[in-house]
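Asker: Got a structure for you, written out below as structure tokens; questions coming shortly.
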Amino acid sequence: MRWEFGRRSTNVEDRRGTRISAPVVGGGIGAVILSLIVAFLGGDPSVIWDQTQTPSDRPYSQSPQTQRSAAEDRMADFVSVVLADTEDTWKSIFQQQGRTYQEPTLVLFTDAVESACGLTRSAVGPFYCPSDRKLYIDLSFYQDLKTRYKAPGDFAQAYVIAHEVGHHVQNLMGISDRVRRLQSQADRAEANQLSVRQELQADCFAGVWAYHADRSRQIVEAGDVEEALNAASSIGDDRLQTQARGYAIPETFTHGSSAQRVRWFQRGIQTGNPAQCNTFAAANP
């Protein structure tokens, strides 16, 4: 991926080295894995998703800033470039629709972070908090993406950011609020299906970004798309559940199967059209 000469975003908040003692909350990619482990051990996976205490409800402690490596700072630089590229893409798309794109803030953190959605450990993975319109990433997740999920490559890393930005786009469009209202009136199986459709749409939006980033700024190199598709496949619910317990239970999926995630990312990158990402209207997403 050609990123070194790209614009850097001014919407990055660096909290790395600020360590917070906090329970696990949040809703990122890692939360899927944690809930699967809980279920595998005989517990109720909903506890991972239902911890919604606000930061003021619980005490936390901070430790002094730690020294960062050159590799970590290079990764932070990369994240800033990718975020800026998503800003350029969605600003243009929103303008074409007669709307104004409100840029999110990306927060870099270490181990745990305090957000408007609660106190969250890095094990949850990258996540988006609609309450404060911020993306949260512990850069150590990218090492997990490479080693644990077997999805190496800078474009795979960019896909993760673009997916979380996709949730921000959903928030701006009012989609996230509608999904939450419907989920509050649904049983768990129906709520899970709504979650799957929302996640798949964010995958499609990530593909829309990749389409425009390549055609407008020529950042995509040979093999990059394959890296992103591999990442999408690696974090499918069926693959994660099979790894955790030896089999998958489709009605418990919350993010979509590997095939679904790949298919919707491909739709976005092939069309570049957000209107083609209506997973909620699809009979079989």
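The values are calculated or read from the model by the stated rules, or taken from the named source; none is laboratory data. These numbers were taken from a predicted model, which means no experiment stands behind them. Because the Cβ atoms are built from the backbone with ideal geometry, glycine has one as well, and the counts that use them run over all protein chains shown. Each accessible area value is taken on the protein alone, full model and side chains, heavy atoms only, with ligands, DNA and RNA left out. Shrake-Rupley method; radii C 1.70, N 1.55, O 1.52, S 1.80 Å.
Asker: Within region 258-272, is there a residue that is more than 16 Å from the chain's Cα centre (by Cα) and among the β-branched types (Val, Ile, Thr)?
Answerer: yes
Asker: Of all residues being buried (at least 24 other Cβ atoms within 10 Å of the Cβ) and of a type in the set (Val, Ile, Thr) in region 129-168, which is farthest from the chain's Cα centre (by Cα)? Just the residue, please.
Answerer: The residue in question is Ile137.
Asker: I'd like the full set of residues that are open to solvent by 70 Å² or more (accessible area, probe 1.4 Å) and assigned to a helix (DSSP H, G or I), limited to region 243-279.
Answerer: Answer for region 243-279, where residues must be open to solvent by 70 Å² or more (accessible area, probe 1.4 Å) and assigned to a helix (DSSP H, G or I): Gln243, Pro250, Glu251, Arg263, Arg267, Gln270, Ala275, Gln276.
Asker: If you don't mind, there's one more thing I want to ask. Is it the case that region 107-121 has a residue that's farther than 22 Å from Ala210 by Cα and of a type in the set (Phe, Trp, Tyr)?
Answerer: yes
Asker: Return the residues of region 231-242 that are of a type outside the set (S, T, N, Q) and either open to solvent by 50 Å² or more (accessible area, probe 1.4 Å) or part of a helix (DSSP H, G or I) (or both); say none if nothing qualifies.
Answerer: Within region 231-242, Ala231, Ala232, Asp237, Asp238, Arg239, Leu240 qualify.
Asker: Tell me yes or no: at least one residue of region 214-224 is of a type in the set (A, V, I, L, M) and within 14 Å of the chain's Cα centre (by Cα).
Answerer: no
Asker: Restricting to region 141-160, what's the tally of residues that are in contact (Cβ under 8 Å) with a residue 24 or more places away in the chain, over 17 Å from Leu83 (Cα atoms) and of a type in the set (Ser, Thr, Tyr)?
Answerer: 1
Asker: Only one residue in Ser69, Ser122, Ser92, Ser115 is open to solvent by 10 Å² or more (accessible area, probe 1.4 Å), under 18 Å from Arg15 (Cα atoms) and touching a residue at least 40 places away in the same chain (Cβ under 8 Å), so which one is that?
Answerer: Ser122
Asker: I'm told Met75 meets every condition in (1) surrounded by fewer than 21 Cβ atoms within 10 Å (Cβ to Cβ); (2) modelled with pLDDT of 90 or more; (3) out of contact with any helix residue (DSSP H, G or I) (no Cβ under 6 Å at 6 or more places or on another chain); (4) under 14 Å from Ser9 (Cα atoms) except one. Can you identify the failing condition by its number?
Answerer: Here Met75 clears every test but (2).
Asker: Within region 176-230, count every residue that is aliphatic (A, V, I, L, M), open to solvent by 80 Å² or more (accessible area, probe 1.4 Å) and in a helix (DSSP H, G or I).
Answerer: 1
Asker: Let me ask another. For the list (1) more than 13 Å from the chain's Cα centre (by Cα); (2) closer than 22 Å to Thr18 by Cα, I need the number of the one condition that Pro126 fails.
Answerer: (1)
Asker: Next question. All but one of (1) under 17 Å from Gln266 (Cα atoms); (2) modelled with pLDDT under 95 hold for Val208, so report the exception by its number.
Answerer: (2)
Asker: Sticking with this structure for a sec: Just give me the residues in region 151-175 being over 21 Å from Phe94 (Cα atoms) and in a loop (DSSP other than H, G, I, E, B), in sequence order.
Answerer: Of everything in region 151-175, those that are over 21 Å from Phe94 (Cα atoms) and in a loop (DSSP other than H, G, I, E, B) turn out to be Ala151, Pro152, Gly153.
Residues are listed down the side, and each one gets a yes or a no for (1) out of contact with any strand residue (DSSP E or B) (no Cβ under 6 Å at 6 or more places or on another chain); (2) of a type in the set (A, V, I, L, M, F, W, C); (3) under 22 Å from Val220 (Cβ atoms):
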{"position": "Leu240", "(1), (2), (3)": "yes, yes, no"}
{"position": "Gly246", "(1), (2), (3)": "yes, no, no"}
{"position": "Phe253", "(1), (2), (3)": "yes, yes, no"}
{"position": "Val262", "(1), (2), (3)": "yes, yes, yes"}
{"position": "Arg267", "(1), (2), (3)": "yes, no, yes"}
{"position": "Thr271", "(1), (2), (3)": "yes, no, yes"}
{"position": "Gln276", "(1), (2), (3)": "yes, no, yes"}
{"position": "Thr279", "(1), (2), (3)": "yes, no, no"}
{"position": "Ala283", "(1), (2), (3)": "yes, yes, no"}
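Asker: Given the conditions (1) modelled with pLDDT of 75 or more; (2) touching a helix residue (DSSP H, G or I) at 6+ places or on another chain (Cβ under 7 Å), report the number of the one that Ala259 does not fulfil.
Answerer: Every listed condition holds for Ala259 apart from (2).
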